[in-house]
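In what follows, a single structure is set out as structure tokens and then discussed.
The values are calculated or read from the model by the stated rules, or taken from the named source; none is laboratory data. Just so we're clear, the structure is a prediction, and the values are computed from it rather than from any experiment. Cβ placement follows ideal geometry from the backbone for every residue including glycine, while neighbour counts extend to all protein chains displayed. Accessible surface areas use protein heavy atoms only, side chains included; no ligands, DNA or RNA. Shrake-Rupley method; radii C 1.70, N 1.55, O 1.52, S 1.80 Å.
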Amino acid sequence: MGRHEQREQIFRLLFQVEFHTSDEMPRQMRLFLEDNEEIGSQKDADYIESRCQKIREKIPEIDRLIDDNTVGWETSRMGKVELAVLRLAVYEMRYDEDIPAGVAIDEAVEIAKKYGQENAGGFVNAILAKIVKLG
């Protein structure tokens with residue numbers, strides 16, 4: 001499984017965060033990973049679970065950064081797809097030195113276009129471009 005596929009699985013797990021309590025998420029992650037035929041190996045499953053957990057721990061900080069860089073679009077008002085994509089990309093841009101910001105943005109835009117509404121790619125791109133300028 002390549003990085004793009006792993007990233008997409010992480011996005012799908014992060015999407016579930018909005019629909020489950022913190023206490024429910026470990027079980028939901030286990031069910032997601034066990035029932036997912038797209039995840040080919042235990043190594044991939046472990047990476048996806050670990051990455052999702054690390055992002056979940058940073059959600060308050062990530063959401064603050066997103067909120068600070070949007071006008072009239074607090075995270076509480078955003079579509080759940082766009083929010084999950086933004087959380088993943090901001091995490092990669094801020095906390096993962098192995099992923100260049102440009103790659104994180106490109107991947108986020110692609111996922112937003114695939115899963116989000118018609119203008120999701122542009123919406124995500126605009127917010128991430130603003131955040132990347134902060135350094």
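A few comments on the model shown:
- The requirement of being of a type in the set (A, V, I, L, M), touching a Gly at 6+ places or on another chain (Cβ under 6 Å) and assigned to a helix (DSSP H, G or I) is satisfied by ALA112.
- The residue that is least open to solvent (accessible area, probe 1.4 Å), among those in the stretch 73-96 that are part of a loop (DSSP other than H, G, I, E, B) and more than 14 Å from ARG51 (Cβ to Cβ), is MET78.
- Filter result (out of contact with any Lys or Arg (no Cβ under 9 Å at 6 or more places or on another chain) and either crowded, with 18+ Cβ neighbours inside 10 Å or in a loop (DSSP other than H, G, I, E, B) (or both)) within the stretch 57-72: VAL71, GLY72
- Residue match in the stretch 77-89 (condition: in contact (Cβ under 8 Å) with a residue 60 or more places away in the chain and more than 21 Å from THR21 (Cβ to Cβ)): yes
- Selected residue (criterion: nearest to LEU128 (Cα to Cα)) from residues of the stretch 97-107 that are in a helix (DSSP H, G or I) and β-branched (Val, Ile, Thr): ILE105
- Across the stretch 116-135, the qualifying residues are those that are open to solvent by less than 80 Å² (accessible area, probe 1.4 Å) and in contact with a Phe, Trp or Tyr (Cβ under 9 Å, 6 or more places away or on another chain), and the one among them that is nearest to GLY79 (Cα to Cα) is GLY116.
- Selected residue (criterion: least open to solvent (accessible area, probe 1.4 Å)) from residues of the stretch 35-48 that are part of a helix (DSSP H, G or I) and farther than 18 Å from ILE99 by Cβ: ALA45
- Selection count where residues are closer than 15 Å to ALA126 by Cβ and among the acidic types (Asp, Glu), scope the stretch 51-95: 3
- Close pairs from the stretch 42-65: first small (Gly, Ala, Ser), partner at pLDDT below 95 and part of a helix (DSSP H, G or I), Cβ under 7 Å, at least 6 apart: ALA45/LEU33
- Within the stretch 1-34, the set of residues being in contact with a helix residue (DSSP H, G or I) (Cβ under 9 Å, 6 or more places away or on another chain), assigned to a helix (DSSP H, G or I) and either open to solvent by 80 Å² or more (accessible area, probe 1.4 Å) or of a type in the set (Val, Ile, Thr) (or both) comprises ARG3, GLU5, ILE10, VAL17, ARG30, GLU34.
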